[in-house]
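Single-structure report; data block below.
The values are calculated or read from the model by the stated rules, or taken from the named source; none is laboratory data. Everything numeric here is computed off the predicted structure, so don't read it as measured data. With ideal geometry, Cβ positions are generated from the backbone for all residues, glycine too; neighbour counts draw on all protein chains shown.
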Amino acid sequence: CDLSYSYYLNLYCIITNRGLFTWSVENPYVPLYIDSIKSIGGKRLWTIASTDTRSDVFILFKSGSYIERWNSISGTKSWQHIKRWSNHDLFERNDQCIRTIRMTSKYVAWTVESTKTFEWRVDLLDYNLRMVRQGIKIDHLDRSSSCLLSNFDFERFLIIDSNCHLLFLLDTNGSMKLKNDFTMKKRIKNAVLMKNNNQQWLVVRLEQPNQLYFIPLLNKTVQTTVNEHI
């Protein structure tokens, strides 16, 4: 299951075993099933990426087999199919497997695992999935890692290893920093940026105990605050 909120669409996009559902706080009773977006050759929908500034979404299918780009048609419940890419279309080597996909107002980012070397990286692409910057190997990650990707702000991403409980901050220049402090000892599982009016929080899901940890971020000093707390 994957959950993404689009501020542009004012909708939650929910990926389940059955497919894609959307849910709005304006009509909170029944999620809407999007029957036009279906599994491909037995490969079900795996994760979804949306952004604050566009009606486009990117959907990754299980095992990184396909990526599809869709557009929500304004004022309707219909979705328009833009393009489909197979793993073979995107990579020359067949050991490259996309695990997670996210997007900003300018870029698409995905995590890639080599099924031969078990190395991980994060690539940056344009909306036509043309490479802008190929990432370098992420230290500390290996075959036991589970590399999640979460938007942090317009140009940065959080990388979370939910198995080894590591948190990285990645910018679009490729600079990556491993964050360490007491929250790691509580076993981080996932993290996401939450915005409400002018306030922002980094919300960290912790394991043992299973709880949410809220870190307030100041808009003008986000980088400083993150470095102090994480």
### Message
out of contact with any Asp or Glu (no Cβ under 8 Å at 6 or more places or on another chain) and surrounded by fewer than 20 Cβ atoms within 10 Å (Cβ to Cβ): is that true of Leu32 in this structure?
### Response
yes
### Residues within segment 64-82 that are of a type outside the set (Gly, Ala, Ser), out of contact with any Ser or Thr (no Cβ under 6 Å at 6 or more places or on another chain) and in contact (Cβ under 8 Å) with a residue 24 or more places away in the chain, tallied
7
### Task
Give the number of residues within segment 29-39 that are touching a residue at least 40 places away in the same chain (Cβ under 8 Å) and in a strand (DSSP E or B).
1
### Message
Against the definition (of a type in the set (A, V, I, L, M) and either farther than 20 Å from Tyr66 by Cα or touching a Ser or Thr at 6+ places or on another chain (Cβ under 6 Å) (or both)), how does Val122 come out, yes or no?
### Response
yes
### Exclusive hit being of a type in the set (Gly, Ala, Ser) and modelled with pLDDT of 85 or more, set Ser150, Ser162
Ser150
### Summary
Only one of Glu68, Glu92 is among the acidic types (Asp, Glu), surrounded by fewer than 22 Cβ atoms within 10 Å (Cβ to Cβ) and in a loop (DSSP other than H, G, I, E, B), namely Glu92
### Message
Against the condition more than 21 Å from Ser6 (Cα to Cα), hydrophobic (A, V, I, L, M, F, W, C) and at pLDDT below 90, how does Leu141 come out, does it pass?
### Response
yes
#### Entry: Residues satisfying the stated conditions in segment 1-28, i.e. aliphatic (A, V, I, L, M) and either assigned to a strand (DSSP E or B) or crowded, with 17+ Cβ neighbours inside 10 Å (or both)
Leu3, Leu9, Leu11, Ile14, Ile15, Leu20
